[in-house]
Amino acid sequence: MRIQPVFFPVLVGLVAFSVSTPFALSQDKSVNPGVNDSFRNPDVKEFQEKFEVESREVFLHRNEILAACDIKPGQTVADIGAGTGIFTRLFSKQVGADGQVIAVDIAQNFLEHIAKTNRELDIRNVDTLLCTPDSTELPEQSVDVAFICDTYHHFEFPLKTMRSLFRALKPGGRVVVVDFKRIEGESSEWTLKHVRAGQEVFESEIKQCGFEKLREVPDLLSENYLVIFKRP
């Protein structure tokens, strides 16, 4: 009796797929050692004075950025690198009582500040989550929209972090990335020194982790760009 090799090609295909997909990639060394040193034990008041001022472009245009995120009532939104909670509070209103916002940050001080502020404002649909340098620590398929504002360039292990976010997103879930334009001869000296790479590099890394680029919102910001990706 001749045995037809039905399963062997399928297994070979699966092995080839697993080797060639981004999830087979490893990233053992930080791409920017020391970039998060100031966030190990941040002075919240000091960062409020830096973050929550009209001279900061993303704060000045926070409502336009919020509109571009297209948050719906009842959704679960992860604010990755929530900082002092500027967008966390805005998302809280957008998702409503039936939705949830998860403030994710590497700094416990920021999370405690957000929790305290929420209690004072009687905001009940926000949770906080302490992440690690290489993982968001979000539960699998728990998030509809992830928001990363002026934070991606702080990811020391971007591939690992974004893969953890890929797992955390529901199928079809979206990632909104806002970060600094890094262009030689145009960007500020601070940006050139502080931000490790430009938009093309960051987009390439995100795509390596399985995300598809949906669109970019042009002319919204001048110092920053806003790009939206999705989990297929």
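Checking LEU169, LEU221 one by one, the residue that is under 21 Å from ALA82 (Cα atoms), of a type outside the set (Val, Ile, Thr), surrounded by 15 or more Cβ atoms within 10 Å (Cβ to Cβ) and more than 15 Å from the chain's Cα centre (by Cα) is LEU221 and no other.
May I ask you to verify whether ALA78 is modelled with pLDDT of 95 or more, of a type in the set (A, V, I, L, M, F, W, C), part of a loop (DSSP other than H, G, I, E, B) and under 23 Å from LEU165 (Cα atoms)? Taking the combined requirement at face value, the residue does not satisfy it.
Of the strands (runs of 3 or more DSSP E) lying entirely inside the stretch 161-232, those containing at least 2 residues that are of a type in the set (Gly, Ala, Ser) are 169-180. Can we say ASP144 is touching a Ser or Thr at 6+ places or on another chain (Cβ under 6 Å) and closer than 21 Å to GLU216 by Cα? Here the answer is yes, as ASP144 does meet what is asked.
Would a scan of the stretch 54-70 turn up a residue that is on the phi < 0 side of the Ramachandran plot, within 16 Å of the chain's Cα centre (by Cα), modelled with pLDDT of 95 or more and not in a helix (DSSP H, G or I)? No, every residue in the stretch 54-70 fails to be on the phi < 0 side of the Ramachandran plot, within 16 Å of the chain's Cα centre (by Cα), modelled with pLDDT of 95 or more and not in a helix (DSSP H, G or I). Note on the stretch 134-157: among residues that are outside any loop (DSSP other than H, G, I, E, B) and in contact with a Cys (Cβ under 8 Å, 6 or more places away or on another chain), the one that is nearest to GLY99 (Cα to Cα) is VAL145.
The values are calculated or read from the model by the stated rules, or taken from the named source; none is laboratory data. What you are looking at is a predicted structure, and each value in this text was computed from that prediction instead of being measured. Here the Cβ is made from the backbone with ideal geometry for all residues, glycine too, and neighbour counts use every protein chain on show.
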